[in-house]
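Below you'll find the structure, written out as structure tokens, and then a few comments.
The values are calculated or read from the model by the stated rules, or taken from the named source; none is laboratory data. Since the structure is predicted, the reported quantities are computational estimates derived from the model, not experimental observations. Here the Cβ positions follow ideal geometry from the backbone for every residue, glycine too, while neighbour counts run over all protein chains shown. Only protein heavy atoms, including side chains, enter the accessible area calculation; ligands, DNA and RNA are left aside. Shrake-Rupley method; radii C 1.70, N 1.55, O 1.52, S 1.80 Å.
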Amino acid sequence: MSHTWSAKDHKNTSQPATGGQAQKRPRNDVGNKATVVLGAQWGDEGKGKVVDLLATEADVVCRCQGGNNAGHTVVVDGKEYDFHLLPSGIINTKSISLIGNGVVIHLPGLFEEGDKNDKKGLKGWDKRLIVSDRAHIVFDFHQVVDGLQETERQAQDGKNIGTTKKGIGPAYSSKASRTGLRVCDLLGDFKDFSTRFKNLVHQYQSMYPALTVDVEDQLKKLKEYAERLRPMVRDGVYYMYEALHGPPKKILVEGANAALLDIDFGTYPFVTSSNCTVGGVCTGLGIPPLNIGDVYGVAKAYTTRVGIGAFPTEQLNAVGELLQTRGHEVGVTTGRKRRCGWLDLVIVRYAHMINGFTAIALTKLDILDVLDEIKVGVAYKLNGKRIPHFPANMDVLHKVEVEYETFPGWKTDTSAARKWNDLPVKAQNYIRFIENHIGVPIKWVGVGKSRESMIQMF
Ligand code: GDP
Ligand code: IMO
Ligand code: MG
């Protein structure tokens, strides 16, 4: 495969003279580069499948943000796996999987997921997993508070966010308010950890009097999890430093959630609580920007969204229903039906502005196979005038009028296509239009769930 995994030596070999004498300066060896896979829409683009494809060659596969709100599906040899906290690369028995400091970890969720996959035949996952000691912990009560906050939002605003109720918002809030507890705290002095845990519970109970927590029972369980977790825990920053600066290594980063759900750049407040764009890779793993190599954006050939919030190209009609049923658009984490609509290139271009994609993986093209015509959102208009940016304000986003390009459907089954020339010309035209409009090459086209159903373009 021709992406830039390799140790690229950006050596600074210039040796300017100082004081009349040539002095040797330290070489600035950048080291290995991490290949990054990020969601370019509202999530569920097929990141798991793209990561799986690249992970067959990877030495280290990392998660850098989010928690078990993510649901990544991988289909190998007809067997379907869904990953939430574990990097999808855990399937590759030759690679190490790493959960970075930017991830929030619900320990019962992590072990449940591992045990479930163990039963499916994924043996030895816990020997291949490394967990950063700086990662924050999602407690059971964070998940309860997530539900209470949703009820409160519904009562106050008449609408909630539609979170996954995995405690993501409350756990990142604890982190930001500096009362959160990390893996290193759990593995340190347990008496000190217990005191801080009780204080945190107390803090939440003063905000939510309805919250009941059996503190002693929680601490007992946490102590057991601590011992199961201990062999996997490392200083994540140092681990990554060694991986980047040792012998050539293929390092892959699996983004969770997506650009339009990013806490800073997404459709706030209908977003998640982490940075799902490229900056989250550096902060969530402790690696320098110079060590970021290829950044692949994953986009579906149409658009879906789970939960509440503006969705300009949504189709509340037969087209939306067809995409939902043909695409099996049901949330992996929550089992909720995903809302469906036409491909919105305004949002994919916006994701590209932030992430600087080197290439795109366009997934689920096969779902469009039966349509007579296919539309693509190419611009937003406000009061009849095109706007060049993606609106920050949700009231404005609700008001935009979408300008569409219409393409004739190819009405041919593409699921058996394995190379570009196997695709009908009308499908090729659709793909080329998307590529030109975003200004980023499309490297893969997905035509089915399995590892093999991915056409590689270059
Ligand atoms: P992620 O969260 O981005 O990893 O994506 P999800 O796993 O939540 O959702 C993507 C769904 O689409 C999964 O059920 C995948 O198996 C499926 N999928 C991925 N790529 C393709 C494709 O090219 N064609 C079809 N038909 N299904 C795909
Ligand atoms: P993957 O990695 C789709 C959405 C939720 C909700 C909002 C906030 O599978 O693409 P949260 O529980 O994070 O506080 O929920 O974000 N959301 C996702 N939607 N795919 C995801 O992840 C998502 N992660 C969060 O539906 O609207
Ligand atoms: Mg998903």
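State all residues of region 96-115 that are in contact with a strand residue (DSSP E or B) (Cβ under 9 Å, 6 or more places away or on another chain) and either assigned to a helix (DSSP H, G or I) or surrounded by fewer than 17 Cβ atoms within 10 Å (Cβ to Cβ) (or both); if no residue qualifies, say none.
Within region 96-115, L107, L110, E113, G114 meet the criteria.
Any residue at all in region 51-65 that's near ligand 3 (Cβ under 9 Å from one of its atoms) and closer than 23 Å to K165 by Cβ?
No, region 51-65 has no match at all.
Within region 372-382, is there a residue that is buried (at least 21 other Cβ atoms within 10 Å of the Cβ) and within 14 Å of ligand 1 (Cβ to nearest atom)?
no
If I ask for residues that are farther than 23 Å from I438 by Cα and within 16 Å of ligand 1 (Cβ to nearest atom), which ones from region 25-53 would you list?
Those that are farther than 23 Å from I438 by Cα and within 16 Å of ligand 1 (Cβ to nearest atom): D52, L53.
Output the residue which, of all residues in region 32-78 that are polar (S, T, N, Q) and open to solvent by 10 Å² or more (accessible area, probe 1.4 Å), is farthest from A351 (Cα to Cα).
The extreme case among them is T56.
Which one is farthest from ligand 1 (Cβ to nearest atom) among residues in region 350-371 that are closer than 14 Å to Y302 by Cα and open to solvent by 20 Å² or more (accessible area, probe 1.4 Å)?
Ranking the qualifying residues of region 350-371, first place goes to V370.
Tally the residues that are within 19 Å of V76 (Cβ to Cβ) and open to solvent by 50 Å² or more (accessible area, probe 1.4 Å), restricting the search to region 422-451.
So the answer is 2.
For region 401-421, which positions are under 15 Å from Q456 (Cα atoms) and buried (at least 16 other Cβ atoms within 10 Å of the Cβ)?
Across region 401-421, the qualifying residues are T414, A417.
Going by the structure shown, is I251 of a type in the set (A, V, I, L, M, F, W, C) and within 18 Å of the chain's Cα centre (by Cα)?
yes
What tally of residues in region 194-235 results from selecting those that are of a type in the set (S, T, N, Q) and touching a residue at least 60 places away in the same chain (Cβ under 8 Å)?
Qualifying residue count, region 194-235: 1.
So if I check each of Q315, Q324, which one is touching a residue at least 12 places away in the same chain (Cβ under 8 Å), polar (S, T, N, Q) and within 14 Å of ligand 1 (Cβ to nearest atom)?
Being touching a residue at least 12 places away in the same chain (Cβ under 8 Å), polar (S, T, N, Q) and within 14 Å of ligand 1 (Cβ to nearest atom) holds for just one of Q315, Q324, which is Q324.
Any residue that is more than 30 Å from L54 (Cβ to Cβ), modelled with pLDDT of 95 or more and either within 16 Å of ligand 3 (Cβ to nearest atom) or of a type in the set (S, T, Y) (or both) - is there at least one of those in region 362-370?
Within region 362-370, none of the residues are more than 30 Å from L54 (Cβ to Cβ), modelled with pLDDT of 95 or more and either within 16 Å of ligand 3 (Cβ to nearest atom) or of a type in the set (S, T, Y) (or both).
What number of residues within region 67-87 satisfy the criterion of being more than 9 Å from ligand 2 (Cβ to nearest atom), over 22 Å from P231 (Cβ atoms) and outside any strand (DSSP E or B)?
Qualifying residue count, region 67-87: 2.
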